Amino acid sequence: MKAGSSRPRTKVPQDANWLQQLDLSRFVSIDLETTGLDPSVHEIIEIGAVRFVDGLPADEFQTLIRPRYPLDPFITELTGITDADLEHAPPFDEVAAPLLEYIGKDVLVGQNLEFDLGFLRSAGEKKLGKCRDNPFLFVNRRAVDTVWLARIFWAELSGFSLKALAEAFEVTPVRAHRAKEDAYTAGSVLVEMLRRLPTRVWSELAEHLDRLIEGTNQRSRFFFRRLCEAAENIPKPRATPALHQQNDFEYETDSSDLRILLGKDGLFEERLAFFRERPAQIALAKSVDSSFNEHRILLAEAPTGVGKSLAYLVPSLNWIRADTEGERQVVVSSHTKVLQEQLLRKDIGEIRRALGGNFRAAVLKGRNNYLCKRRLHILLRDADTRLSEADRMQIMPLLRWSDMTATGDISEIGGFNPRFQSFLWSLVCSDSLACAGSACSAAKGDFYRSAQDRAAKAQIVFVNHALLMVDFLRLMSGGQKRLILDEAHQIERAMVNAATTDISTLVMRGVLTRLVDEKADRGLLYNVSDRTDSEMVGSLIVKVRSLHFSSRQSLSGLGEHLVGRLRAAERTSRARFRFGDGMHLLIRDHLADLLIEWLEFSERLNELVRELANLRGEDRISPETMVEFRSVSDNVLAIGSRLSRVIEEEADNEVTWVEYGKGTHGGWCSIHTTPVSVGQIMKKVFWPQLESAVLTSATLTVNNRFAVTRECLGLDDEDSGGRICEISLDGPFNLQTQMRTFVPTFLPEPRQDEALHAEAVSSLTARIVEEFSRGTLVLCTSNEMLERITAALTPVVRKVGRRLLSQWSSGSLPELVAQFRRSQNAILVGAASLWEGIDVVGDALQILIVTRIPFDVPSDPWFSARCEALQAAGRDPFMDYTVPMAALRLKQGIGRLIRHTDDRGIAVLMDPRIFTSGYGGLIRSSLPSTPRRMRKETDLFTEMNSFWEGQSTC
Ligand code: SF4
């Protein structure tokens with residue numbers, strides 16, 4: 001244990017007066033290293049603390065702590081601390097008093113401070129038991145968390161890890177993942193943040209923040225109170241320019257010859273250092289060009305590396321330029337919002353640098369991606385009644401951003417994630433049901449409308465498939481339009497989702513919570529409960545609250561009861577039902593009472609809303625609150641009619657199913673209805689609306705034919721008047737040299753014994769991981785397999801000292817992929833979402849293991865209905881649909897392996913059926929490199945070794 005004077009390593013200039021005003025002229029920055037993330041199970045192994053005085057480090061405290069159990073190799077890899085280092089370290093009990101003495105009464109500071117305080121609290125409890133005397137409760141202690149401040153005042157940052165903040169605030173970290181060094185970095189980040197804070201805060205913002213946090217138990221209350229006083233005279237700065245600005249620039253190039261633009265010595269090669277001519281790119285660009293001009297629908301399979309974005313954007317610009325009336329627009333739709341952003345920022349940026357130009361490009365997203373300033377304003381005004389203490393903290397990052405943003409697109413900021421804060425975001429995002437329309441005083445700052453206006457004026461608009469499918473007619477009507485569908489293998493799924501109507505107990509619970517949340521004392525009804533003497537309103541409120549309460553009770557009971565019954569009746573978490581069958585009757589029986597209650601609730605709520613609107617004088621409810629009430633009432637009504645339709649009416653040519661599971665609030669279920677064949681819908685209403693379209697993806701063909709894609713999307717050449725054309729391009733990689741594909745046919749077949757196959761796959765994967773210390777991606781087809789493989793690999797990675805990342809256990813997908821990339825020899829095990837969309841170049845990914853052919857699950861309701869429909873039409877659903885779809889998915893998965901001309905890798909496909917089944921030939925013919933059959937494990941390992949040594953026999 002060391003405590004002493006610290007040599008300042010950097011001199012951070014700081015206005016001492018400003019620090020004093022914020023009561024932060026002295027603080028102790030603290031950090032812990034632990035054996036894991038759960039304080040009830042894991043232990044502290046190191047404590048570091050640095051005291052800052054007037055913005056500079058003054059002295060420090062550091063000690064290792066001996067845990068009861070040996071360290072996980074991952075912790076040793078992360079921190080560099082070994083079991084030997086801890087062998088003679090003191091236990092926590094010996095450290096507790098000196099630590100408390102060191103901290104004294106100073107303000108505590110830290111990165112994710114609650115995590116560290118939680119561990120200290122728990123260590124104190126282990127010593128003293130749960131009691132108020134635990135000094136590590138730090139009762140009434142003032143504290144500031146660097147993450148939280150960054151989220152509020154620098155919400156636009158994309159990452160908030162200590163490393164990311166140190167980078168953003170130009171603090172050089174001394175050494176990451178050691179307690180004293182991290183404490184030093186966090187303290188320095190805080191000082192640097194405070195130095196810059198006067199440019200990020202203004203008086204009104206400070207007041208709003210203070211009002212939100214006041215009355216809560218947050219340790220940082222003092223900071224916001226002080227900030228309010230310190231920022232008293234700071235005026236609001238001018239709003240920053242939009243991060244997603246439209247691109248206006250001069251397009252001066254007078255050449256419509258695509259070779260001159262994209263070819264050797266062309267403008268792109270001349271002006272962009274990294275750009276090289278790619279024959280396949282030029283071929284695709286020419287096909288796009290002729291499709292646009294000849295009113296065709298082009299299906300283009302373009303493998304990774306072709307450069308398909310530029311191949312369709314450049315001819316799109318040519319087509320736009322050829323119009324003198326200014327009526328032309330190209331709509332580019334992608335599956336993910338990530339690609340939408342990348343096209344606007346990266347690809348349009350490159351075109352601008354290469355060609356100059358004068359055209360307008362814009363991104364348009366779905367309405368609920370945009371903030372509604374009016375709703376945010378009302379929510380903040382009614383925070384006392386509508387927000388819990390946790391909500392008030394969580395919503396803070398929206399305050400500064402809402403005043404500075406020019407687009408209101410929530411993806412601009414990393415400080416608030418609408419996926420994790422879905423309830424809060426649903427209260428403030430743009431929503432047609434909660435929109436005041438022309439009566440809205442915030443209409444000038446209506447971000448969604450502005451985005452629509454920008455999109456209407458743009459010549460290239462980037463949308464995503466989900467938005468395109470629900471807003472197709474509006475997006476594609478008027479003027480001359482062309483459509484490009486990138487990631488086109490996802491179109492069928494997007495169409496299915498758009499055509500699906502669903503109703504879920506979670507959504508019902510969310511709507512009820514907007515009205516009243518008894519647990520957190522919040523909700524709209526609290527706003528009006530004591531506002532009026534009107535007897536009528538008073539009695540309606542009582543009725544609504546009582547019906548609200550019983551509906552909520554029924555929902556909880558229903559969730560639990562139904563999930564129990566469904567689990568007993570079905571083995572999966574999705575069950576299809578037909579009108580009148582056992583499953584339908586079970587669901588109807590359970591939902592009938594709730595439906596009666598819900599309809600009654602809806603009626604009374606509607607009555608209440610009418611009565612509230614009639615209140616006058618002092619009782620009058622503000623128009624903003626009335627909009628929110630009407631929105632809840634409309635939602636309740638819509639849910640009621642959807643619920644009765646789904647359980648009372650037979651669906652024609654549709655499939656209906658129930659999904660169920662257990663969440664944090666207990667059991668939940670949802671009911672979905674969707675058309676069996678979206679191809680039929682697209683054939684009638686989608687393609688006939690389009691003069692020309694381009695569909696492109698790396699995976700559109702099976703056995704070099706587009707047949708399955710065309711059938712799924714309703715692209716029948718006769719019905720389309722012979723305007724469909726196809727092109728399948730070769731990628732720039734030499735896959736026969738760069739990769740090997742092995743199929744170990746010595747493994748048992750899954751169709752004979754699933755459990756035996758799974759066991760053998762896990763063991764072989766473990767042996768490959770043990771033998772080859774190379775970045776490995778394992779793609780599973782089910783969560784059970786993912787779990788099994790993770791369990792099999794855990795002891796192996798400990799033994800060989802490698803990192804195991806599992807989609808099952810930790811982190812968001814981008815975080816996992818980033819860690820995988822950084823580690824260079826880690827093993828990443830994942831299911832569904834890892835099969836596509838991840839891009840890992842270089843040594844971090846050299847071995848790809850596929851556990852089995854990714855067939856659709858036969859119990860999937862939509863899939864089974866689709867197969868039934870094919871069978872009814874006299875077709876073979878297995879060979880005509882199931883196998884081709886699996887081949888496409890397998891091709892997608894294998895496509896993760898080679899992403900660059902320098903990449904080398906091995907794909908091991910652990911499903912012998914690729915060679916032993918009748919349909920194996922179709923699968924083999926769709927793979928990017930010729931697969932080889934491995935009859936013995938020794939052969940597989942010999943071939944793998946030979947490939948790495950450059951002596952492979954293939
Ligand atoms: S017009 Fe509607 S969406 Fe726009 S700010 Fe007003 S209420 Fe919100």
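The values are calculated or read from the model by the stated rules, or taken from the named source; none is laboratory data. These numbers were taken from a predicted model, which means no experiment stands behind them. When we count neighbours, we look across all protein chains shown, and the Cβ atoms used for this are built from the backbone with ideal geometry, even at glycine. The protein model used for the area step is the full one, side chains on, heavy atoms only, and it has no ligands, DNA or RNA in it. Shrake-Rupley method; radii C 1.70, N 1.55, O 1.52, S 1.80 Å.
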What helices (runs of 4 or more DSSP H), lying completely within the stretch 754-860, carry at least 3 residues that are under 24 Å from Glu937 (Cβ atoms) and aliphatic (A, V, I, L, M)?
754-771, 783-800
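Which of the residues belonging to the stretch 154-199 are part of a loop (DSSP other than H, G, I, E, B) and crowded, with 18+ Cβ neighbours inside 10 Å?
As a first pass, look at the stretch 154-199 and keep what is part of a loop (DSSP other than H, G, I, E, B): 154-161, 169-178.
Across the stretch 154-199, the qualifying residues are Trp154, Ala155, Phe160, Phe169, Val171, Pro173, His177, Arg178.
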Quick one: is Ser728 open to solvent by less than 30 Å² (accessible area, probe 1.4 Å) and hydroxyl-bearing (Ser, Thr, Tyr)?
no
Evaluation of Leu387 against (1) open to solvent by 10 Å² or more (accessible area, probe 1.4 Å); (2) over 21 Å from Arg449 (Cα atoms); (3) more than 22 Å from the chain's Cα centre (by Cα) (one fails), failing number:
(1)
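Hey, which of the helices (runs of 4 or more DSSP H) in the stretch 368-476, taking only ones fully inside, have at least 1 residues that are closer than 30 Å to Leu695 by Cβ and within 10 Å of the ligand (Cβ to nearest atom)? Break it down stepwise before answering.
On the way: elements: 373-381, 383-386, 389-404, 422-428, 447-457, 465-470, 472-476.
Because the criterion is at least 1 residues that are closer than 30 Å to Leu695 by Cβ and within 10 Å of the ligand (Cβ to nearest atom), the helices (runs of 4 or more DSSP H) in the stretch 368-476 that meet it are 447-457.
Out of the residues in the stretch 783-796 that are open to solvent by less than 60 Å² (accessible area, probe 1.4 Å) and at pLDDT 90 or above, state the one that is nearest to Asn417 (Cα to Cα).
Kept after step one, since they are open to solvent by less than 60 Å² (accessible area, probe 1.4 Å), are these residues of the stretch 783-796: 785-786, 789-790, 792-794, 796.
Cutting the leftovers down to at pLDDT 90 or above gives us 785-786, 789-790, 792-793, 796.
Numbers: Met785: 30, Leu786: 27, Ile789: 31, Thr790: 29, Ala792: 34, Leu793: 33, Val796: 36 Å.
Among them, the one singled out is Leu786.
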Would you check if there is a residue in the stretch 548-567 being of a type in the set (Ser, Thr, Tyr), crowded, with 19+ Cβ neighbours inside 10 Å, within 35 Å of the chain's Cα centre (by Cα) and modelled with pLDDT of 85 or more?
yes
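Every residue in the stretch 571-594 that is surrounded by fewer than 17 Cβ atoms within 10 Å (Cβ to Cβ), part of a helix (DSSP H, G or I) and not acidic (Asp, Glu), please.
To start, the set of residues in the stretch 571-594 that are surrounded by fewer than 17 Cβ atoms within 10 Å (Cβ to Cβ) comprises 571-573, 578-582, 585, 588-589, 592-593.
Remaining after also requiring part of a helix (DSSP H, G or I): 582, 585, 588-589, 592-593.
Residues satisfying the conditions are Gly582, Leu585, Arg588, Ala592.
Please determine whether any residue of the stretch 598-619 is closer than 30 Å to Ala865 by Cα, of a type in the set (Val, Ile, Thr) and buried (at least 16 other Cβ atoms within 10 Å of the Cβ).
Taking the stretch 598-619 and keeping what is closer than 30 Å to Ala865 by Cα, we get none.
The answer is no, given that none of the residues of the stretch 598-619 is closer than 30 Å to Ala865 by Cα, of a type in the set (Val, Ile, Thr) and buried (at least 16 other Cβ atoms within 10 Å of the Cβ).
Right, Pro750: touching a helix residue (DSSP H, G or I) at 6+ places or on another chain (Cβ under 8 Å), at pLDDT below 95, surrounded by 21 or more Cβ atoms within 10 Å (Cβ to Cβ) and of a type outside the set (A, V, I, L, M, F, W, C) or not? Walk me through it before giving the result.
Values: touching a helix residue (DSSP H, G or I) at 6+ places or on another chain (Cβ under 8 Å): yes; at pLDDT below 95: yes; surrounded by 21 or more Cβ atoms within 10 Å (Cβ to Cβ): yes; of a type outside the set (A, V, I, L, M, F, W, C): yes.
For Pro750, the condition - touching a helix residue (DSSP H, G or I) at 6+ places or on another chain (Cβ under 8 Å), at pLDDT below 95, surrounded by 21 or more Cβ atoms within 10 Å (Cβ to Cβ) and of a type outside the set (A, V, I, L, M, F, W, C) - is met.
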Look through the stretch 830-880, keep the residues that are β-branched (Val, Ile, Thr) and exposed (fewer than 15 other Cβ atoms within 10 Å of the Cβ), and return whichever of them is farthest from Gln738 (Cα to Cα).
Val857
So, in the stretch 252-302, exactly how many residues are out of contact with any strand residue (DSSP E or B) (no Cβ under 9 Å at 6 or more places or on another chain), under 18 Å from His900 (Cβ atoms) and touching a residue at least 40 places away in the same chain (Cβ under 8 Å)?
4
Looking only at the stretch 321-342, and only at residues there that are open to solvent by 10 Å² or more (accessible area, probe 1.4 Å) and closer than 19 Å to Ser290 by Cβ, the one that is nearest to the chain's Cα centre (by Cα)
Arg328
Pull out all pairs, ordered by first then second residue, where Cβ-Cβ is under 8 Å, the residues are six or more apart or on different chains, the first lies in the stretch 47-75 and is outside the structural domain of Asp93 (by TED's automatic domain parsing) and closer than 30 Å to Leu19 by Cα, and the second is of a type in the set (Ser, Thr, Tyr) and open to solvent by 50 Å² or more (accessible area, probe 1.4 Å).
none
Condition first: modelled with pLDDT of 95 or more and open to solvent by 20 Å² or more (accessible area, probe 1.4 Å). Now tell me which residues in the stretch 32-50 satisfy that.
none
Show the residue pairs that are 6+ apart or on different chains and have beta-carbon atoms under 7 Å apart, the first residue being within the stretch 844-860 and within 24 Å of Phe772 (Cα to Cα) and assigned by TED's automatic domain parsing to the domain that holds Phe915, the second being hydroxyl-bearing (Ser, Thr, Tyr) and open to solvent by less than 30 Å² (accessible area, probe 1.4 Å).
Ile847/Thr776; Ile849/Thr765; Ile849/Thr776
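So which residues in the stretch 587-633 are of a type in the set (Asp, Glu) and under 29 Å from Arg574 (Cα atoms), if there are any at all? Talk me through it step by step, then tell me what you get.
As a first pass, look at the stretch 587-633 and keep what is of a type in the set (Asp, Glu): 589, 593, 597, 600, 603, 607, 611, 618-619, 624, 628.
Of everything in the stretch 587-633, those that are of a type in the set (Asp, Glu) and under 29 Å from Arg574 (Cα atoms) turn out to be Asp589, Asp593, Glu597.
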Matching entry among Arg604, Arg610, Arg642 (being more than 16 Å from the ligand (Cβ to nearest atom), of a type outside the set (Val, Ile, Thr), free of Cβ contacts under 8 Å to residues at least 24 places away in the same chain and assigned by TED's automatic domain parsing to the domain that holds Arg588):
Arg610
For the stretch 133-153, indicate whether the set of residues that are within 24 Å of Ile45 (Cβ to Cβ), open to solvent by 60 Å² or more (accessible area, probe 1.4 Å) and without any contact (Cβ under 8 Å) to a residue 40 or more places away in the chain is non-empty.
no
